[in-house]
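Some notes on the structure that comes next.
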Amino acid sequence: MRRVLGIETSCDETGVAIVEDGRRILANEVASQVAMHAPYGGVVPELASRQHIQCISQLLDQALVKTPGTIDAVAATCGPGLMGSLLVGVNFARALAFAWQVPYVPIHHLEGHIFSAFLDDGPEAVSQFPLLALLVSGGHTCLIWCRAPHCYEILGTTRDDAVGECFDKVARLLDLPYPGGPSIQKAAEGGDPAAVAFPRAMARSDSLDFSYSGLKTAVLYELRDTSASPTDLAASFQAAAIDVLVIKTKRALQQTKAARVVLAGGVAANKLLRERLVGELDAQVILPPISLCVDNGAMIAAAAHSRQTTGPESPFGSIASPNLPLA
Ligand code: KG4
Ligand code: ZN
């Protein structure tokens, strides 16, 4: 199995990539819809699926022009995500696999994010398991114990908002542009992270679950009741949001005795989070490059290559599933 075409359309990025031997990125075309959704302060599902349809063929053409030659399998994110958007990628991938007479490999979105750590200059996947994954994005906040490739146990997850969603909502409160993560990170530069002592929800509980809706409300009240500057508010919010991720990851490390931690998902682009994990964890921290933290087709191709070569075969079925469980 040499070349896998990977397709990602679960949310607001259309990704089409070709990856060789599960590692080498030959083409990685990503069309972001961020500008289109920005005026609404979040992703509008109907607009997202229409935009995927608009650009997916062109992205495929671009990828194939960069990489002439045969494709050995076609993979797509089959869930979780927005139903209309998932359907575009899944049906496009299945049609290509049928036309080219190659296998279609359905991939779980979070599994794709985990495999983003092994692309290009990352370590080779098979030698890295067991590992702990901290998966942080606009839709997910999870600690996942990965005993072996594709063998997952969810140790903790958010009980309400995802951490990226919280960044996006707080950015709106602070009048910062969407997506909130990068704009809060920028606004926080030069701010005092200790200016406001925002709550670290569930930080003291033994559970590895997260809760982010209270933090968003705390920012709302602070904004209404005090005179802290927007820079200090952004820095204090970011410090609190990231602190909980670091505390819970340390606890999960103690429980699992994992030697390696993979950080993945859109929020993995956060500079403070990256620095704190590398500086404070008693484990090897594998960080995908920032360009591979956002949704992309290469991570889907990498996960599919691993499923096809080391197994087990994908259990996810050939239909799109918005709430697909990982484990
Ligand atoms: O993985 P992703 O591209 O899409 C989902 O699957 O959700 O993640 C998008 C999320 C958004 O909520 C965005 O605000 C957040 O990742 N994000 C960040 C940063 N860059 C993107 N959050 C914090 N700091 C960043 N630098
Ligand atoms: Zn994602």
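Just so you know, all these numbers are worked out from the coordinates, no wet-lab data involved. Predicted model only: the values in this text are computed from it and were never measured. Reconstructed Cβ throughout: ideal geometry from the backbone, glycine too, with neighbour counts over all protein chains shown.
Tabulated results
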{"item": "Volume of the Cα convex hull of segment 114-247, divided per residue and given in Å³", "result": "118 Å³"}
{"item": "Gain upon complete extension [SER291, LYS271; 0.36 nm per residue less C-alpha separation]", "result": "5.9 nm"}
{"item": "Relative counts (whole %) of C-alpha pair distances in segment 14-74, using bins that are 5 Å wide", "result": "4, 17, 24, 18, 13, 11, 9, 3, 0"}
{"item": "Degrees between helix 213-225 axis and first principal axis of the chain (Cα, 0 to 90, nearest 10)", "result": "40 degrees"}
{"item": "Centroid-to-centroid separation of segment 1-72 and segment 230-254 [C-alpha atoms, Å]", "result": "31 Å"}
{"item": "Computed over segment 1-110, Kirkwood Rh from alpha-carbon pairs, angstrom", "result": "13.9 Å"}
{"item": "Count of Lys pairs (Cα-Cα under 25 Å; at least 8 positions apart or interchain) in the chain", "result": "13"}
{"item": "Potential extension, THR309-GLU153 segment - 0.36 nm per residue separation minus Cα distance", "result": "54.0 nm"}
{"item": "Label-point separation, TYR40 to GLN54 (7 Å along Cα→Cβ), nm", "result": "1.2 nm"}
{"item": "Inter-label distance, nm, simple model (7 Å from Cα along the C-beta direction), SER32/ILE319", "result": "3.5 nm"}
{"item": "Tail weight of P(r) past 27 Å, computed on alpha-carbon pairs of the chain, percent", "result": "42 percent"}
{"item": "Label point distance in nm, TRP100-LYS66, each placed 7 Å from Cα along Cα→Cβ", "result": "1.5 nm"}
